[in-house]
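Visitor: I have a structure I would like to understand better, so I am pasting it below and will then ask my questions one at a time.
The values are calculated or read from the model by the stated rules, or taken from the named source; none is laboratory data. Because the structure is predicted, anything quoted here is derived from the model rather than measured. All Cβ positions, glycine included, derive from the backbone under ideal geometry; neighbour counts span all protein chains shown. Heavy atoms of the whole protein, side chains included, go into the accessibility calculation; ligands, DNA and RNA do not. Shrake-Rupley method; radii C 1.70, N 1.55, O 1.52, S 1.80 Å.
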Amino acid sequence: LRALDTDEAVDIIGETLREDRSSLLKHELAYVLGQMRRPHAIPILTAILEDTSGAQETIVRHEAAEALGAIGQRESIPVLQRFLADPAP
């Protein structure tokens, strides 16, 4: 899917990222979305980062933040600033 580099691939990766139980797989999927650098992934990654309910592991939320940074769009700056002092280790 990463090699396809399409918005449809981003959607499929994002769906798995939201629904899978494996924190390791979700971490890797967030990483891949960052490496794809497609702005289409920003809402998916933002939702993962903002999920402080415990449904998303800290390591996955952390990788979502890094992926947003890798995509490098200004629209991600406010959400990244909001989580600079996140209490999760």
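Visitor: Which one, Leu33, Leu24, Leu68, has the greatest fluctuation when you compute a Gaussian network model over the chain with C-alpha springs under 10 angstrom?
Guide: So, out of Leu33, Leu24, Leu68, the one fluctuating most is Leu24.
Visitor: Leu84 accessible area, nearest 10 Å², 1.4 Å probe?
Guide: So the heavy atoms of Leu84 present about 140 Å² to solvent.
Visitor: Rolling a 1.4 angstrom probe over the protein chains, ignoring ligands and nucleic acids, what is the accessible area of Ile44 in square angstrom, nearest 10?
Guide: The accessible area of Ile44 comes to roughly 10 Å².
Visitor: Would you mind telling me which residue in Thr46, Thr58, Thr16 has the biggest mean-square fluctuation in a Gaussian network model of the chain, where springs connect alpha carbons within a distance under 10 angstrom?
Guide: Maximum fluctuation in the GNM of the chain, among the listed residues, is at Thr16.
Visitor: Step through the residues of segment 10-20 one at a time and calculate ³J(HN,Hα) from phi using the Karplus curve (6.51 cos²θ - 1.76 cosθ + 1.60, θ = phi - 60°), rounding each to whole Hz and writing x for Gly and Pro.
Guide: Using θ = phi - 60°, the values come out as 4, 4, 5, 4, x, 4, 5, 4, 6, 10, 6 Hz.
Visitor: Now for a different question. Starting at 0 and stepping by 5 Å, how many percent of the alpha carbon pairs of segment 1-50 end up in each bin?
Guide: 5, 23, 39, 25, 9, 0
Visitor: Sticking with this one: Can you tell me the dipole magnitude for the chain around its Cα centre, using point charges on the Cβ only (Lys, Arg +1; Asp, Glu -1), in Debye to the nearest 20?
Guide: Its charge dipole is roughly 220 debye.
Visitor: Run lengths n ≥ 4 of DSSP H only: what is the helix-derived mean residue ellipticity at 222 nm for the chain, with -39500 (n - 2.57) per run over all residues, to the nearest 500?
Guide: The per-residue figure over the chain is -19000 deg cm²/dmol.
Visitor: When a/c is below 1.5 the answer is rounded, else prolate if a/b is larger than b/c, else oblate, so apply that to segment 27-73 with a ≥ b ≥ c taken from the square roots of the Cα gyration tensor eigenvalues.
Guide: Prolate.
Visitor: Can you give me the Cα centroid spacing of segment 26-89 and segment 1-17 in angstrom?
Guide: 16 Å
Visitor: Using a 1.4 angstrom probe on the protein heavy atoms only, line up Ser22, Ser53 by accessible area, largest first.
Guide: Ser53, Ser22
Visitor: From the C-alpha coordinates alone, can you work out the Kirkwood hydrodynamic radius of the chain, in Å?
Guide: Final number for the Kirkwood radius of the chain is 12.7 Å.
Visitor: Taking 8 Å as the Cα distance limit and 6 or more residues as the minimum spacing, I'd like the relative contact order of segment 5-89 as a percentage.
Guide: 30 percent
Visitor: Taking θ = phi - 60°, what integer Hz values does the Karplus form 6.51 cos²θ - 1.76 cosθ + 1.60 yield along segment 25-30, in sequence order, with x for Gly and Pro?
Guide: Once θ is set to phi - 60°, the couplings for segment 25-30 become 5, 4, 4, 5, 5, 4 Hz.
Visitor: I need the phi-derived Karplus couplings for segment 66-82: 6.51 cos²θ - 1.76 cosθ + 1.60, θ = phi - 60°, integer Hz, Gly and Pro marked x.
Guide: 4, 5, 4, x, 5, 5, x, 9, 4, 4, 8, 4, x, 5, 5, 5, 4
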